[in-house]
1. Taking LEU65, is it more than 20 Å from ARG15 (Cα to Cα), aliphatic (A, V, I, L, M) and touching a Leu at 6+ places or on another chain (Cβ under 7 Å)?
2. Can you tell which of THR5, THR58 is at pLDDT 90 or above, among the polar types (S, T, N, Q) and assigned to a loop (DSSP other than H, G, I, E, B)?
3. Can you tell me which residue among ALA84, ALA132 is without any contact (Cβ under 8 Å) to a residue 40 or more places away in the chain, within 19 Å of ASP12 (Cβ to Cβ), out of contact with any Pro (no Cβ under 7 Å at 6 or more places or on another chain) and surrounded by fewer than 19 Cβ atoms within 10 Å (Cβ to Cβ)?
4. Would you be able to say whether some residue in the range 98-105 is closer than 15 Å to ASP67 by Cβ and part of a helix (DSSP H, G or I)?
5. Within the range 79-97, track down each residue that is assigned to a helix (DSSP H, G or I) and either out of contact with any strand residue (DSSP E or B) (no Cβ under 8 Å at 6 or more places or on another chain) or closer than 20 Å to ARG4 by Cβ (or both).
6. So if I check each of TYR104, TYR33, TYR76, which one is surrounded by 13 or more Cβ atoms within 10 Å (Cβ to Cβ), more than 15 Å from TYR7 (Cβ to Cβ), among the aromatic types (Phe, Trp, Tyr) and in contact (Cβ under 8 Å) with a residue 60 or more places away in the chain?
7. Restricting attention to the range 106-128, which residues are assigned to a strand (DSSP E or B) and of a type outside the set (A, V, I, L, M, F, W, C)?
8. Given the conditions (1) surrounded by 20 or more Cβ atoms within 10 Å (Cβ to Cβ); (2) modelled with pLDDT under 90, and given that PRO115 satisfies all but one, which numbered condition is not satisfied?
Amino acid sequence: MSERTIYITDLDLKRLSELIADSMSTEYRGSLYLKQLNEELHRAKLVAPKDVPADVITMNSRVRLLDMDSSEEMEYTLVFPQDADSAQGKISVLAPIGTAMLGYRVGDDFSWQVPDGMRRLKVQKILFQPEASGNFDL
């Protein structure tokens, strides 16, 4: 993962830390993405929900991404595993793209490893961010 600033609230830090601890006894325990998520959390900047920049992907944010190679646009909501539903575009933070996109800002691009190679994605727009809309409990 790159050395970008990850902004996280107390509530999300608590939830994600518990998720990581719980996942250690599941099929995710050997996951590179789980390790990367844990590393990101350890260096995250803890902020009050009202202080999260509105252009940052946080948990439960809905975002528009651009595939920089195919020019395909896609919309995803970054969610906790129990809320994941690919048919609705709800991507788990434990999925490779979910782990990858956490903390990126509008205008940032990032790479995502898929079975047939690397995908390069760009954050085009935050369609919904709980903190920016005053929903601090999501």
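1. Values: more than 20 Å from ARG15 (Cα to Cα): yes; aliphatic (A, V, I, L, M): yes; touching a Leu at 6+ places or on another chain (Cβ under 7 Å): yes.
Spelling it out, LEU65 is indeed more than 20 Å from ARG15 (Cα to Cα), aliphatic (A, V, I, L, M) and touching a Leu at 6+ places or on another chain (Cβ under 7 Å).
2. Working: THR5 fails: at pLDDT 90 or above.
Exactly one residue qualifies, and that residue is THR58.
3. Numbers: ALA132 fails: without any contact (Cβ under 8 Å) to a residue 40 or more places away in the chain.
Going through ALA84, ALA132 in turn, just one is without any contact (Cβ under 8 Å) to a residue 40 or more places away in the chain, within 19 Å of ASP12 (Cβ to Cβ), out of contact with any Pro (no Cβ under 7 Å at 6 or more places or on another chain) and surrounded by fewer than 19 Cβ atoms within 10 Å (Cβ to Cβ): ALA84.
4. Narrowing the range 98-105 to residues closer than 15 Å to ASP67 by Cβ: 100-101, 104.
With the extra rule that they be part of a helix (DSSP H, G or I), the set shrinks to 100-101.
Checked the range 98-105: at least one residue is closer than 15 Å to ASP67 by Cβ and part of a helix (DSSP H, G or I).
5. The initial filter retains those residues of the range 79-97 that are assigned to a helix (DSSP H, G or I), namely 81-83, 86-88, 96-97.
Result: GLN82, SER86, ALA87, PRO96, ILE97.
6. On the way: TYR104 fails: more than 15 Å from TYR7 (Cβ to Cβ); TYR76 fails: in contact (Cβ under 8 Å) with a residue 60 or more places away in the chain.
Residue meeting the stated conditions: TYR33.
7. Within the range 106-128, the first condition is being assigned to a strand (DSSP E or B), and the residues that meet it are 109-114, 117-128.
Within the range 106-128, ASP109, SER111, GLN113, GLY117, ARG119, ARG120, LYS122, GLN124, LYS125 meet the criteria.
8. So PRO115 meets the others, but not (1).
The values are calculated or read from the model by the stated rules, or taken from the named source; none is laboratory data. Values in this document were obtained by computation on a predicted structure and should not be read as measured data. No Cβ is skipped: glycine too gets one built from the backbone with ideal geometry, and neighbour counts run over all protein chains shown.
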